[in-house]
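Colleague: My questions will all concern the structure given below.
Please treat every number below as a calculation from the coordinates, not as lab data. All figures in this text were calculated on a predicted structure; none of them were measured in a lab. Cβ coordinates were reconstructed from backbone atoms using ideal geometry, including for glycine residues, and neighbour counts include every protein chain displayed.
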Amino acid sequence: MEIIYVDSLFFLNLAADYLLLLAAAAIAGLRFRRGAYLLAALLGAVYSVAVYLPGCRFLAAEHWRIGAGLGMGLIAFGGERKPWRCMLSWLAVSASFGGALWALGGEHMSLRTLMLCFGLCYGAMRLYFSGKGRRIDKQRKEVRLRFLGREAVFPAMVDSGNELHDPVTGARVLVACPHALRPILREYTQLFETGDAPELLTRCAAIPTLRGKLRLLPFSAVGGGGLLPVFRPDALLLDGERIEGVLIGVSPQAAGDGYEGIVGVDMGKEN
């Protein structure tokens, strides 16, 4: 007769799922959202216990397992710009952990040994990706900007190709994608995803919150030129350092793997 200790099962799965989500986020280059990961891990832990409750054995079916996994992924990564890519990273990490534990005979391990193996696997994976992570961190800055009484925080890539300046004032331009500015733009975020700058400015003129807050800046790039909607933030910090005299440009093309904005190499320097 199989004996299941509910408390041990719950806390083991809670810790394991939380570590898996952290590892997946680190590999994907995300800014940690620990509260979301803990909530997702709680769902996984509750599900793992529910499977063994009287009358709930049907939850062990494959489609229920998949549903629980998708639910955890949506809770943890649903707010990211590419949630499905993040969920695939998490599934890959989970498979790697599961394979390692199976190879070590995880079904017959004690709770202490099992937790030790989880810790070692997590540490090994973080160590493996630490070199890549450090290189990425050197090329990124944390952007924290305030506008309209609201705040947005997102990672930006340092790019020597970003030499955008206001031709009149000489102000430098940090370019951010609309998703990064969602906490500020809220229900108007989708307006900035069209790419039609003149029409955007016209539509913003009819919105009291945005009226008079934006203007168009001409720019040229390797792929061509055009007009970029820009605004002056109330406050801007790069890696915690307050930066003055910078405009924020909004472009759907300002995002990539692990970043949601682009800054120039001289952005942290004084004019």
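Colleague: Order by neighbour count: CYS177, CYS56, fewest other Cβ atoms within 10 Å first, most last.
Modeller: The fewest-first ordering by Cβ neighbours comes to CYS56, CYS177.
Colleague: Just want the ordering: ARG242, ARG150, from fewest to most Cβ atoms lying within 10 Å of their own Cβ.
Modeller: Sorted ascending by nearby Cβ count, the order is ARG242, ARG150.
Colleague: Here's another thing I want to ask about it. Taking the Cα atoms of region 140-263 alone, what are Rg (to one decimal) and Dmax (as a whole number) in Å?
Modeller: Final numbers for Rg and Dmax: 13.3, 36 Å.
Colleague: By count of other Cβ within 10 Å, fewest leading, how are TYR188, TYR52, TYR37, TYR18 ordered?
Modeller: Working: TYR188 17, TYR52 14, TYR37 23, TYR18 20.
Ranking TYR188, TYR52, TYR37, TYR18 by Cβ neighbours within 10 Å, fewest first, gives TYR52, TYR188, TYR18, TYR37.
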